[in-house]
Structures are given as C-alpha cells and as structure tokens.
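Below is one structure, written out as structure tokens; the observations come after it.
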Amino acid sequence: MTATLVALALSQVPSQTLRALDDQANAMASQVESRLAKDWLAGVSQLPDPQPRTLYRGSSWMTQEQFDSLAPDAKAKVKSLTADAELYYNTKYGTPIAYSRVVDLAAGFGLTNLRGTRVMDFGYGSIGQLRLFARLGATAVGVDVDPFLTALYSRPEDKGPFGGGSVDLVQGQFTADSATSIKVGRDYDLIISKNTLKMGYIHPTRPAKKELLIDLGVSDEVFLGAVHDALKPHGLLVIYNLCPAPAAPDKPFIPWADGRCPFSKAQFGRAGFKIRAFDVNDDAAARKMAHALGWDLGDHPMDTKHDLFGWYTVAQRE
C-alpha cells in the first residue's frame, strides 16, 4: 500500500473521541423513549472528524489567521492551544450526547419531526448537538457570548449545510444586543437552554461572585418577550438543567447547583406563554443518563445519588 493510500485509510478511521461519542449514543438509545431522540442519536456515527487546529489566547481568543496578523512583539505574549476532536466536540461542558434527554422531552411535548424546522440553542457551548439537529433537517442556530467558541468554530466547514439542514453560530448577547438578535432571527419551532438559564446563575439566592453569574443584560420581562417573539406560534421553549448538590450554608454558594427555572409562572404568562411543565424534578432520568454515559465510572466517579439532580421547564408560545 502506498503512503497516500495509508494516509487516506487512516483519515477514515474515527478518532477515539468519535468512537466514544458513538458508544455513548448507543448506550443512550435504550434510555430515550421517542423516535425523534433515537433518530437524533443515530446521527452520531455521521459526525465528521475535525482536523486539529491551533487557537491562541491573548486578551481574547484568536484564530491562526488573527494570530498571524499580530506584530512579533505581540505574538510573544500569546499562548497557544491545540484543539483536537475531544475539545472540538466536548469543549469544557462535556458530551453533547446529554442533549438526547432534551430532544426526548421536546418530542414528548409535540415536536416529532425536525425536517424544515428552526432550532435555537441558547448558550450552546458545543457544536455536536447542533450538527445532529441539522442532520435531521433543522436549521440549527447556536447562540453564545463565549469568544472561545467563535475561535474554535471559525473554519468554513464548521458552519453551513449539514445533513438535511444547516448549522449557524452567533456570538453575542441575545436579547440585550440588537445586532445579535437580528442575526438570531425568528420563526423558531424549538428554543433550548441547557445548563444556562438556572435560578442560581440569573437570580442567586445567596451572595455570589459576579464572574460566576449570568447577566442577561435585560429584565426578565424583556428577555421572555424576545424569546416569545422568536418562536413560531405553538413553538416550544425547553429549559433543562443538570446540577450538583448545593453547598452547605457555611460554604461558598454554588450558582450552578440551583437548576430551578429563573422565571415565574406569572412571568411566562404575561409574556404570552402557556406552561406545559414547570420545575419538574428529573433526577431519575438524569441519573439513568449519567450511568449510560459512564459518569459514575472511572478514576473520579460521580456520586449520582447524592451529587446529580435534574430540572426541566417547558413553555409554549400560544
């Protein structure tokens, strides 16, 4: 076999990361109930294996092209990071396969087909779940304020057509920034927020460091009104949060441990939503998912019984 053929053969072998994602998807296939979630998981085997890329960190994250444009003295102050498939798909937030529970919930509340739909992930954190939505025919839009994600997913192949749909990524603060809101657009069938819209992040019940919180930049009423307007009539908003155990009263507050919905039923109603489910305890499903994904195994196993909790809220535009 020639060197060229050897290189081609190696390029077609999935990376360890993609094999792990495929194993996780197969394990979760027996946990989800809906046909939609099973089809969504089946697309994991078709995810592309990204080539390693180098990112740079100065005052903010930069791509290779942005780094190359710097003056020599500025380059000396910048640190580099090689982004492989592990970082590409799991980033700092973990496997995208955990979104399968969100897809199952959306299906249970009436979204049974993604072809021709529009899906927004508010605080997307990773591209994998967006590609899986796109594979089933959705226009999938990820929205996040993190400049690291913009640098990580900066190549042409990261966005655009995929499967029967497409992927687009928007950096900025929806809804506080009007330019971002214009890019995000409207007519969504489904808006998802996973591990972003938490009571502990938005309205902490105890003092917390500002850098650990999430500032929506607008009032609750303005935010919910914008989400309402971005949805089609009968479109769904699914807020899904996984949380560790809360800190003891004499310990520092952990904002991400309070996964309750940060908005009240009355606020949803005034914004034009019908509540389909509110602050539903999802501990059992979250722990089953954790076991299927192997979170309770390895050198640092999670104590799922005492340190994993789940919540979900589903609202629908009337």
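Tell me, please, whether a residue that is touching a helix residue (DSSP H, G or I) at 6+ places or on another chain (Cβ under 7 Å), over 17 Å from THR313 (Cβ atoms) and at pLDDT 95 or above can be found in the stretch 233-244. Looking through the stretch 233-244, at least one residue is touching a helix residue (DSSP H, G or I) at 6+ places or on another chain (Cβ under 7 Å), over 17 Å from THR313 (Cβ atoms) and at pLDDT 95 or above.
One residue stands out among those in the stretch 95-108 that are of a type in the set (Gly, Ala, Ser) and in contact with a strand residue (DSSP E or B) (Cβ under 9 Å, 6 or more places away or on another chain): the one that is farthest from PHE133 (Cα to Cα), which is GLY108.
Is it true that ALA29 is free of Cβ contacts under 8 Å to residues at least 40 places away in the same chain and within 18 Å of LYS288 (Cβ to Cβ)? Answer is yes for this residue.
Which count do you get for residues in the stretch 193-213 that are in a loop (DSSP other than H, G, I, E, B) and farther than 22 Å from ARG317 by Cα? Even if it seems obvious, please write down each step before you answer.
Quick first cut of the stretch 193-213, residues in a loop (DSSP other than H, G, I, E, B) only: 195-198, 203-209, 213.
From the residues that got through so far, the ones that are farther than 22 Å from ARG317 by Cα too are 203-209, 213.
Matching residues across the stretch 193-213 total 8.
Restricting attention to the stretch 10-45 and to residues that are outside any helix (DSSP H, G or I) and of a type in the set (Ser, Thr, Tyr), the residue that is modelled with the lowest pLDDT turns out to be SER15. Quick check, is MET302 in contact (Cβ under 8 Å) with a residue 12 or more places away in the chain and in a loop (DSSP other than H, G, I, E, B)? For MET302, the condition - in contact (Cβ under 8 Å) with a residue 12 or more places away in the chain and in a loop (DSSP other than H, G, I, E, B) - is met. Applying the criterion of being over 22 Å from the mean Cα position of the chain (by Cα) and among the charged types (D, E, K, R) to the residues of the stretch 187-209, the residue that is surrounded by the fewest Cβ atoms within 10 Å (Cβ to Cβ) is LYS209. The set of residues in the stretch 259-275 being of a type in the set (Gly, Ala, Ser) and without any contact (Cβ under 8 Å) to a residue 24 or more places away in the chain consists of SER264, ALA266, GLY269.
Only one of LEU190, LEU216, LEU237 is under 27 Å from LEU105 (Cα atoms) and in a loop (DSSP other than H, G, I, E, B); which? Walk me through how you get there before you give the answer.
Details: LEU190 fails: in a loop (DSSP other than H, G, I, E, B); LEU237 fails: in a loop (DSSP other than H, G, I, E, B).
Going through LEU190, LEU216, LEU237 in turn, the sole match is LEU216.
Step by step: first the residues of the stretch 256-289, then only those that are among the small types (Gly, Ala, Ser) and surrounded by 20 or more Cβ atoms within 10 Å (Cβ to Cβ), then the one that is nearest to ALA208 (Cα to Cα). Which residue is that? So, considering only residues that are among the small types (Gly, Ala, Ser) and surrounded by 20 or more Cβ atoms within 10 Å (Cβ to Cβ), the one nearest to ALA208 (Cα to Cα) is GLY259. Can you spot a residue in the stretch 276-284 that is farther than 28 Å from GLY185 by Cα and in contact (Cβ under 8 Å) with a residue 60 or more places away in the chain? Yes, because at least one residue in the stretch 276-284 is farther than 28 Å from GLY185 by Cα and in contact (Cβ under 8 Å) with a residue 60 or more places away in the chain.
Would you confirm, using the coordinates I've provided, whether PHE253 is of a type outside the set (S, T, N, Q), surrounded by 14 or more Cβ atoms within 10 Å (Cβ to Cβ) and in a helix (DSSP H, G or I)? Walk me through it before giving the result.
On the way: of a type outside the set (S, T, N, Q): yes; surrounded by 14 or more Cβ atoms within 10 Å (Cβ to Cβ): yes; in a helix (DSSP H, G or I): no.
Answer is no for this residue.
Of the residues making up the stretch 153-179, those that are in contact (Cβ under 8 Å) with a residue 24 or more places away in the chain and touching a strand residue (DSSP E or B) at 6+ places or on another chain (Cβ under 6 Å) are TYR153, GLY165, SER166, VAL167, ASP168, LEU169, VAL170, PHE174.
When ALA226 is tested against (1) assigned to a helix (DSSP H, G or I); (2) crowded, with 21+ Cβ neighbours inside 10 Å, only condition (2) is not met.
The set of residues in the stretch 56-81 being among the aliphatic types (A, V, I, L, M) and closer than 15 Å to THR150 by Cα consists of MET62, LEU81.
The values are calculated or read from the model by the stated rules, or taken from the named source; none is laboratory data. As the structure is a computational prediction, the values presented were derived from the model and not from experiment. Neighbour counts run over all protein chains shown; Cβ positions are idealised from the backbone, glycine included.
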